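**Q** There's a structure below that I have some questions on.
Bear in mind that the values in this text are calculations on the coordinates, not laboratory data. In this text, all values refer to a predicted model and were calculated from it rather than measured experimentally. Backbone-built Cβ (ideal geometry, glycine too); neighbour counts: all protein chains shown.
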Amino acid sequence: DARVTQTPRHKVTEMGQEVTMRCQPILGHNTVFWYRQTMMQGLELLAYFRNRAPLDDSGMPKDRFSAEMPDATLATLKIQPSEPRDSAVYFCASGSNSGPQYFGPGTRLTVL
Amino acid sequence: SQQGEEDPQALSIQEGENATMNCSYKTSINNLQWYRQNSGRGLVHLILIRSNEREKHSGRLRVTLDTSKKSSSLLITASRAADTASYFCATDATGNTGKLIFGQGTTLQVKP
């Protein structure tokens, strides 16, 4: 049963520290998405890739966030430096073109 | 701005009753998708309806799409306590090539 995996599942860090979240998309999917979910803002698209190339990262604060796909089996989202307002659940999802998206379990980030 | 807006924001029903959730959107779309999210989990894809389709069924789920009114509805028949979750509509706008815009969701509680 193919699934999107994310690590870590939980992360507590202090303001100013670097945070790296990792995602392994489902093999064969050509599109990978990063979302952030908070009670106030709901689900926000941060960035997405197709065939490992970034297509849209307009939802991402550029000064502190960066997203990459070093290879087809790994996507990373990095925050440096982290701030308390970054506290949220970060989801990775993968899919093919305009079909369904398959979400990972999320990384719950708390920045103190 | 939000592409998909769900209504109602919250819904509480008794087991066995039907639940109807509505979604409105603003731009022309390739397809509209419905997702479920259980507390603390990632989103799970339920059903996809294309812009040239008017109705689709999957088990106890029935989705309708009215592109002239830019609206969709999700009907869950014979609800169960296990259907308790948040439900989101998401639109794949024309030309966006797979990028989904999610609404704020409807929180459904099914009482046993």
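**Q** Quick one, what does Rg over Rh come out to for the protein assembly as shown if you take C-alpha atoms and the Kirkwood Rh? Walk me through the intermediate numbers first.
**A** Working: Rg = 17.5 Å, Rh = 18.0 Å.
Here Rg/Rh amounts to 0.97.
**Q** Another question about this same structure. Stokes-Einstein at 25 °C, 0.890 mPa s, Kirkwood radius from Cα pairs: D for chain A in µm² s⁻¹?
**A** Numbers: Rh = 13.9 Å.
Value of D from the Cα-based Kirkwood radius: 177 µm²/s.
**Q** Please order A:D56, B:D66 by the number of other Cβ within 10 Å, starting at the fewest. Don't jump to the answer; show the numbers that get you there.
**A** On the way: A:D56 16, B:D66 12.
Ranking A:D56, B:D66 by Cβ neighbours within 10 Å, fewest first, gives B:D66, A:D56.
**Q** Further question on the same structure: Using amide H atoms built 1.01 Å from N in the peptide plane, name the residues 5+ places from A:S87, or on other chains, whose amide H lies under 5 Å from its own.
**A** It is A:V111, by chain and number.
**Q** Could you line up A:V12, A:V32, B:V44, A:V4 from fewest to most neighbouring Cβ atoms inside 10 Å? Intermediate values should be presented prior to the final figure.
**A** Details: A:V12 11, A:V32 28, B:V44 14, A:V4 24.
Listed from fewest to most nearby Cβ atoms, that is A:V12, B:V44, A:V4, A:V32.
**Q** Quick one: which residues, 5 or more positions from A:D56 or on another chain, have an amide H under 5 Å from its amide H? H modelled 1.01 Å from N in the peptide plane, none for Pro or chain starts.
**A** Answer set, sorted by chain and number: A:Y48.
**Q** Taking θ = phi - 60°, what integer Hz values does the Karplus form 6.51 cos²θ - 1.76 cosθ + 1.60 yield along the range A:4-14, in sequence order, with x for Gly and Pro?
**A** Per-residue couplings from phi come out as 7, 10, 9, 9, x, 7, 9, 8, 10, 9, 9 Hz.
**Q** Using the Karplus curve 6.51 cos²θ - 1.76 cosθ + 1.60 with θ = phi - 60°, work out ³J(HN,Hα) for each residue of the range A:58-70 in order, rounded to whole Hz, and write x for Gly and Pro.
**A** 5, x, 10, x, 5, 6, 10, 9, 9, 10, 9, 10, x
**Q** Kindly write out, for the range A:40-46 in residue order, the coupling ³J(HN,Hα) from the Karplus curve 6.51 cos²θ - 1.76 cosθ + 1.60 (θ = phi - 60°), rounded to whole Hz, with x marking Gly and Pro.
**A** Result, rounded to whole Hz: 6, 9, x, 9, 10, 7, 8.
**Q** DSSP loop trypsin sites (Lys or Arg not before Pro) in the range B:56-112 with at most 10 other Cβ atoms within 10 Å of their Cβ, which ones? Write down the numbers at each step before the final one.
**A** Values: sites: B:K56, B:R60, B:R62, B:K69, B:K70, B:R80, B:K99; in loops: B:R60, B:K69, B:K70, B:R80, B:K99.
Within the range B:56-112, the qualifying trypsin sites (Lys or Arg not before Pro) (loop, at most 10 other Cβ atoms within 10 Å) are B:K69.
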